[in-house]
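The values are calculated or read from the model by the stated rules, or taken from the named source; none is laboratory data. Keep in mind that what you see is a predicted model, and the values were worked out from it rather than measured. Cβ sites come from the backbone with ideal geometry, for glycine too, and all protein chains shown count toward neighbours. Side chains are part of the model used for accessible areas, which takes the heavy atoms of the whole protein and leaves out ligands, DNA and RNA. Shrake-Rupley method; radii C 1.70, N 1.55, O 1.52, S 1.80 Å.
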Amino acid sequence: MLKVSMKQLLGLALFIVLVFTLITPVSASSTITGNNSFETAHSAGYWKFSNMGTTILPENEDAAYFKFTANTGEKVYVRSSYQNQYQGMKVEIFNNSLQRISEGDTVINPNSLTPFIYGKADATANSQTFYIKVSRGSYTGDMYFTVSILDRIKTGSGTFNFSGTATNPGNTNLNPNGVDSSVISMDLRNNTSIPKLAKVRSITTSSTQTPSQGNVLHKVMSEQKINDWYTSTVTSATSGRYTISIQDNLDVAQKWNFKYNAKATARSTMTNVRATINYEYDVTDQF
């Protein structure tokens, strides 16, 4: 009786294993091979959902090809893993007319566990198709590598302090436009916390005015656009908001100036002036 039970249990266990084997889906990251021309390019689909496995480039083939789509305004980089013996390996990006728009053979992080090479693409239309060509270089054996498509644009923010005290003499002449204060500044050109070539998305300012007054407007100016002062869209002695956006193409890492406009007749000062800058940057500029 015990033998029969054990046989039944073994049979049941084998049945369960077989069922799970049959119903388990094939991984999206399965091996890629045979994609050795534009016509046979492996399709990664829309880049945000791409999940490509290891590519095998046989020793008798010179290149592997892939294709993907991206939408208007999206900026991506195509990254291929690399091994030290793959001298001359190269990534090229082509548009849907098969015109080369980018290539890269510089090895990034060559001494790390994850060295790679990359190329870039900027989409100018929805569902725009791009092709990737990964060439072997001088290596003669079978090659194994993984291609991924990643977002180049990242965002961040930082709060930075202006130096000194801004002084306003007071609007003693009752000028309806108010009176501007002295100018204080901050220099972010050597600030290592700011990513290279980061661009401003928005700026807000905060401060302490003594004495606190009404009808006060903060103003900021970048050295990139001399005499082009941005005036706060809100009236406040303690904060400022501006119509600055990514379209202004302002660098974060530069010298910034600040002053404030007051309509009160009494003299005042402004201290603890800070700017919170939201920015974006291209990760490939950091390589």
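Structure notes:
- Qualifying positions in the stretch 252-287 - touching a helix residue (DSSP H, G or I) at 6+ places or on another chain (Cβ under 6 Å) and open to solvent by 20 Å² or more (accessible area, probe 1.4 Å): K255
- Residue match in the stretch 84-98 (condition: in contact with a helix residue (DSSP H, G or I) (Cβ under 9 Å, 6 or more places away or on another chain) and either more than 29 Å from Y281 (Cα to Cα) or not β-branched (V, I, T) (or both)): no
For every residue, the table says whether it meets (1) charged (D, E, K, R); (2) outside any strand (DSSP E or B); (3) at negative phi; (4) open to solvent by 70 Å² or more (accessible area, probe 1.4 Å).
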| position | (1), (2), (3), (4) |
| --- | --- |
| S138 | no, yes, yes, yes |
| G141 | no, yes, yes, no |
| Y144 | no, no, yes, yes |
| V147 | no, no, yes, no |
| G156 | no, no, yes, no |
| T159 | no, no, yes, yes |
| T167 | no, no, yes, no |
| T172 | no, yes, yes, yes |
| P176 | no, yes, yes, yes |
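Table: residues versus (1) charged (D, E, K, R); (2) farther than 22 Å from T167 by Cβ.
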| residue | (1), (2) |
| --- | --- |
| K199 | yes, yes |
| S207 | no, no |
| S232 | no, no |
| N249 | no, yes |
| A264 | no, no |
| V273 | no, no |
| Y281 | no, yes |
| T284 | no, yes |
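For every residue, the table says whether it meets (1) among the polar types (S, T, N, Q); (2) farther than 28 Å from G73 by Cα.
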position	(1), (2)
I108	no, no
A121	no, no
N126	yes, no
R136	no, yes
Y144	no, yes
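- The set of residues in the stretch 182-200 being among the hydrophobic types (A, V, I, L, M, F, W, C), open to solvent by less than 50 Å² (accessible area, probe 1.4 Å), assigned to a loop (DSSP other than H, G, I, E, B) and under 18 Å from D282 (Cα atoms) consists of I194, A198.
Yes or no, residue by residue, for (1) within 30 Å of S97 (Cα to Cα); (2) of a type in the set (G, A, S); (3) open to solvent by less than 30 Å² (accessible area, probe 1.4 Å):
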site	(1), (2), (3)
D180	no, no, no
S202	no, yes, no
V216	no, no, yes
D228	no, no, no
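- When the strands (runs of 3 or more DSSP E) confined to the stretch 33-131 are screened for residues that are open to solvent by less than 50 Å² (accessible area, probe 1.4 Å) and touching a residue at least 40 places away in the same chain (Cβ under 8 Å), those reaching at least 2 such residues are found at 54-57, 63-70, 75-81, 90-94, 116-122.
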